[in-house]
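See structure below.
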Amino acid sequence: MSWLRDEVLRRADIVEVVSEYIPLKKRGSNYWALSPFKPERTPSFAVSPTKQIFKCFASGKGGDVIRFVMEMEGLSYGEALRKLAEKYGIAVPDTQEERYTSRERQRYLALYEAVVQFYQRRLTGSPAEAYLVRRGVTRESIERFRLGYAPPEGQALTEYLLRLGYEEETLVKWGVALRQEGTGRLYDRFRGRVIFPVIEEQGGVVALAGRLLADEADQPKYLNSPETPFYRKSEVLYGLWLARPVLRKEGAALIVEGYMDVISLHQAGFTQAVATCGTALTEEHLIRLRRYTREVVLLYDSDSAGQAAAERAIEPALRAGFFVRVAHVPEGKDPDAFLQEKGPEAFQEVLHNSLSWPLYLAQRVGPTPSPQERYTLLQKLGQGLQALPDPYLRRAYAEEIATSLHIPPEFWESFERIEAPPRSPEAVPPTRVTAERELLRVAFTYPEVDFGGLPLWAVLQEELKHLTFTQPEAEALRKAFCSWGENRPPSLQDLMEALLPEVQDWATGLLLERYTLSEHWRTWDDSPLVEDPVQIAESNLNLLHLAHVQHLLQENLRILETLLPETPSYEEHLVLHQVLLRQRAEIALRQGLILPYRQAEG
C-alpha cells in the first residue's frame, strides 16, 4: 500500500480536503478554523499548505490528510486511504490476499444482512414484539436498531440461508448455525430470542446478540455470536454507529452495560450512549471512542457488580487519556429501568450529579473510612493518577483531589518517586526535553541548510543515531527519522505511516506554531526575525551530549562508591571519571555554561 499512500499524498491537497468539512480562513502562511474535534470560541485548528499537515491545538490531534479523514469519518487507515484514492481518481491495486480478504468481508456482511432481514420479518406479531412493547421500545427504535425475532423452530434460518445458496460450512464458520453431534445436521444458533444486531461504525452488521423471552435454567439470558476475523467483541461498541456524529458535537460518551440501556437512552434523547458487547471496557474500545471524544461517563448498573465494573473501567479510560466521570443510578436500578420509571428529566439529573473519578472512589469508601479503607483509597487514587499519560491532566486531577479530599499534590509526587517504575516524560529535565524538540524541529524545518559542507538533515541523522531521547514521542520520531534510508530529507508526511497517532499529534505540534506575529509588530521592531538553524543544532547537540556525559559521571560515581581502593578495577573507574570530567568541561566551555560544583566537605 506504500505506492498508493505516496500517490494519494502527492495528489491530495490537505487544504482542499479539509475545506470540504470545515470553513478555513487564511492567516499568515497557514489556514485556520475552529476545531472540529472540540468546542471552542477562538480558532486553534491550523492547516499548513506547504507542509501538508494539520494540527488541532484544542484537542492535540495532528497529522497528514489521511489522518484527518480518519478522525473526521471514524475510518480505519485503509478505509481513509481508499476514500481519498477514490476522490482523486486513483486506481487501487489490491494484492491477491487483500482482494480475498475484501471479498470474504463483503460475503460475511452480506450473510449477516440476510440474517437480520430474516429476523426482522419474523418480529411482527411475535412474542418478541410483545416483549419489546412491554419494555417501552417504540416502533421507531425497533427500526433504527433493526431488532428482530429468532423463532423457536430449530432450523428456520438455516433452511432459508441454504436456499439462498450459502454453504453449510460457511454458516458454521461464521457463527450463524451449529452442527448437531451424532447426526451432523445443522440447526440455528439463536432460537426463541429477541435479536439485537451488532452494527459496526460504518453500518454493517457483524454479529448478533439474542435475549431469552423467558428465563430458562439451562440457557443463558444473553447469547452472543462467536468471534470471527471480522468481529471481535473487544473492539465493537454497541450503538457507536449512531452515537458518533453526536459525540463530535456534545462531548461525553455515556458508557453503559446493556443493549436495552443503549436503546432506551437513545429513545429518550441521550444519543451519545454506547455499550460494550458482553465484555469489560477494553483498550481497543477506547481507541475507537477517542476518534470522537475525550470524555466518558461510566453509567453502569447500581448493584454491587455494576459498581465494581465501573471502578475497574476507570483506570483503562484514564490510561487512554479520557476525562472520566461516574454516574450512579439510584434505587438499585439499571439505566433502562430507571429511565422507564422516572423519565428523561430525572435521568438528566443523574447525569448532572455524576462525579469525577477521584470523588467517586472516595464516595465508595464512605465519609469515615477505616485506616485500611483509607489506605486502599490512596492506592487507587495514586494508580489512577499514574495511569494518565497527560501531565497537565494529571495535575488537574491532583488539584481536584487536594480541594475535595484535602490530599496535597506534593503527596502524589512522593508517591511517584517511591512507587513508579522508570520516570515518566514529565519528570525529564526540561532542558533535555527542549533540546530533543529543537533538534527534531530544525531537522524537518531546515533540512537542506549547509552544515560543514553537508545538509543539516544528514548531519543530524548521523548524530541522532547515537543518542536516545527521554521523551517517548521524541524518541519514536527520532527512530523513524534515523531509519529513513533514501538519499533525500524525509518530510513529516513520509514518516507518518510509521508513527502512532499520539506521536503524529506531538510531531505536528513541532512544525505548526499556534501563535503568529501581530500585524502591529513592525511598529515596535522592524528587524527581521531570523533564526540560525546551524547554531540551534550545535547548541542543542552539545546540551544532549552534556546530559549524556553527566549521566555517565553519575553512574561511574555510584560504582566507585561501592569499590575499595585496593580493588583492581578501582583505578580504571577513577581514570574514567577524570576523562568524563574533562569532556563535561569542554562541552560546557563551548556552550558558555557554568557547571554545578560540590562544596568541599569540612
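The values are calculated or read from the model by the stated rules, or taken from the named source; none is laboratory data. Note that this is a predicted model, so its numbers are computed, not measured. Here the Cβ positions follow ideal geometry from the backbone for every residue, glycine too, while neighbour counts run over all protein chains shown.
Of all the numbered requirements in (1) touching a Phe, Trp or Tyr at 6+ places or on another chain (Cβ under 6 Å); (2) closer than 23 Å to Arg135 by Cβ; (3) assigned to a helix (DSSP H, G or I); (4) not aromatic (Phe, Trp, Tyr), Ala275 misses one, and that requirement is (3). Considering only segment 355-387, state which residues are under 22 Å from the mean Cα position of the chain (by Cα), surrounded by fewer than 18 Cβ atoms within 10 Å (Cβ to Cβ) and among the aliphatic types (A, V, I, L, M). Within segment 355-387, Ala387 is the sole residue that qualifies. Taking the listed residues Gly175, Gly184, the one that is part of a loop (DSSP other than H, G, I, E, B), assigned by TED's automatic domain parsing to the domain that holds Ile142 and touching a Pro at 6+ places or on another chain (Cβ under 9 Å) is Gly175, with no other qualifying.
Okay, residues lined up against (1) part of a loop (DSSP other than H, G, I, E, B); (2) surrounded by fewer than 17 Cβ atoms within 10 Å (Cβ to Cβ); (3) on the phi < 0 side of the Ramachandran plot; (4) more than 24 Å from the chain's Cα centre (by Cα):
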| position | (1), (2), (3), (4) |
| --- | --- |
| Ala280 | yes, yes, yes, no |
| Glu284 | no, yes, yes, no |
| Ile287 | no, yes, yes, no |
| Tyr292 | yes, no, yes, no |
| Asp301 | yes, no, yes, yes |
| Arg312 | no, yes, yes, no |
| Glu315 | no, no, yes, no |
| Val329 | yes, no, yes, yes |
| Phe338 | no, no, yes, yes |
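Counting the residues of segment 72-92 that are surrounded by fewer than 16 Cβ atoms within 10 Å (Cβ to Cβ) and touching a Lys or Arg at 6+ places or on another chain (Cβ under 8 Å) gives 2. Residues that are outside the structural domain of Leu499 (by TED's automatic domain parsing), of a type outside the set (Lys, Arg) and in a loop (DSSP other than H, G, I, E, B) are absent from segment 77-85. State which residue pairs qualify: first residue of a type in the set (Lys, Arg) and inside segment 191-214, second residue assigned to a loop (DSSP other than H, G, I, E, B) in any location, beta carbons under 8 Å apart, and separation of 6 or more residues or different chains. Hits for this filter: Arg191/Pro151; Arg191/Pro152; Arg191/Glu153; Arg191/Gly154; Arg193/Leu213; Arg211/Lys221.
Applying a threshold of 7 Å to beta carbon distances and a minimum spacing of six or more residues, or different chains, the list of pairs starting in segment 229-242 at a residue that is touching a residue at least 60 places away in the same chain (Cβ under 8 Å) and ending at one that is hydroxyl-bearing (Ser, Thr, Tyr) reads Phe230/Tyr108; Leu242/Thr271.
Every residue, every condition in (1) surrounded by fewer than 15 Cβ atoms within 10 Å (Cβ to Cβ); (2) touching a strand residue (DSSP E or B) at 6+ places or on another chain (Cβ under 8 Å); (3) farther than 17 Å from Lys51 by Cβ, yes or no:
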{"position": "Leu440", "(1), (2), (3)": "no, no, no"}
{"position": "Phe444", "(1), (2), (3)": "no, no, no"}
{"position": "Glu448", "(1), (2), (3)": "yes, yes, no"}
{"position": "His466", "(1), (2), (3)": "yes, no, yes"}
{"position": "Leu477", "(1), (2), (3)": "no, no, no"}
{"position": "Pro490", "(1), (2), (3)": "no, no, no"}
{"position": "Asp494", "(1), (2), (3)": "no, no, no"}
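For segment 318-327, a residue qualifies if it is touching a residue at least 40 places away in the same chain (Cβ under 8 Å) and not in a loop (DSSP other than H, G, I, E, B), and the qualifying residues are Leu318, Arg319, Phe323, Arg325.
Report yes if Leu223 is part of a strand (DSSP E or B) and surrounded by 15 or more Cβ atoms within 10 Å (Cβ to Cβ), otherwise no. Show your work before the answer.
Values: part of a strand (DSSP E or B): yes; surrounded by 15 or more Cβ atoms within 10 Å (Cβ to Cβ): yes.
Yes, satisfied.
Candidates are the residues of segment 245-265 that are of a type outside the set (D, E, K, R) and surrounded by fewer than 21 Cβ atoms within 10 Å (Cβ to Cβ); the one that is modelled with the lowest pLDDT is Gly251.
Might you check whether a residue that is outside any helix (DSSP H, G or I) and within 29 Å of the chain's Cα centre (by Cα) occurs anywhere in segment 107-116? Lay out the reasoning, then the answer.
Taking segment 107-116 as the starting set, the residues that turn out to be outside any helix (DSSP H, G or I) are none.
Looking for residues that are outside any helix (DSSP H, G or I) and within 29 Å of the chain's Cα centre (by Cα), one finds none in segment 107-116, hence no.
Residue-level check: of (1) at pLDDT 95 or above; (2) farther than 19 Å from Asp336 by Cα, Pro152 misses just (1). Scanning segment 563-580 for residues that are surrounded by 10 or more Cβ atoms within 10 Å (Cβ to Cβ) and part of a loop (DSSP other than H, G, I, E, B) gives Leu563, Thr567, Ser569. Conditions first: (1) within 24 Å of Leu162 (Cα to Cα); (2) out of contact with any strand residue (DSSP E or B) (no Cβ under 8 Å at 6 or more places or on another chain); (3) at pLDDT 85 or above. Tyr100 passes all but one, so which condition is the exception? Exception for Tyr100: condition (3). In segment 38-56, the residues that are in the same structural domain as Asp494 (by TED's automatic domain parsing) never reach a residue that is surrounded by 20 or more Cβ atoms within 10 Å (Cβ to Cβ) and part of a loop (DSSP other than H, G, I, E, B) with C-beta atoms less than 6 angstrom apart, at least six apart or across chains. Under 8 Å between Cβ atoms, at least 6 apart or on separate chains: pull out the pairs that start in segment 4-30 with a residue that is free of Cβ contacts under 8 Å to residues at least 60 places away in the same chain and end on any residue that is surrounded by fewer than 13 Cβ atoms within 10 Å (Cβ to Cβ). As it stands, the answer is Ser29/Thr50, since those pairs meet every condition given.
Would a scan of segment 86-109 turn up a residue that is within 30 Å of Tyr149 (Cβ to Cβ) and among the hydrophobic types (A, V, I, L, M, F, W, C)? Within segment 86-109 (the criterion being within 30 Å of Tyr149 (Cβ to Cβ) and among the hydrophobic types (A, V, I, L, M, F, W, C)), the answer is yes, since at least one residue qualifies.
Residue count for segment 496-511 under the criterion of being assigned to a loop (DSSP other than H, G, I, E, B) and crowded, with 19+ Cβ neighbours inside 10 Å: the result is 1. Of all residues in segment 388-436, how many are under 30 Å from Gln52 (Cα atoms), assigned to a helix (DSSP H, G or I), at pLDDT 65 or above and under 23 Å from the mean Cα position of the chain (by Cα)? Number satisfying all stated conditions: 3.
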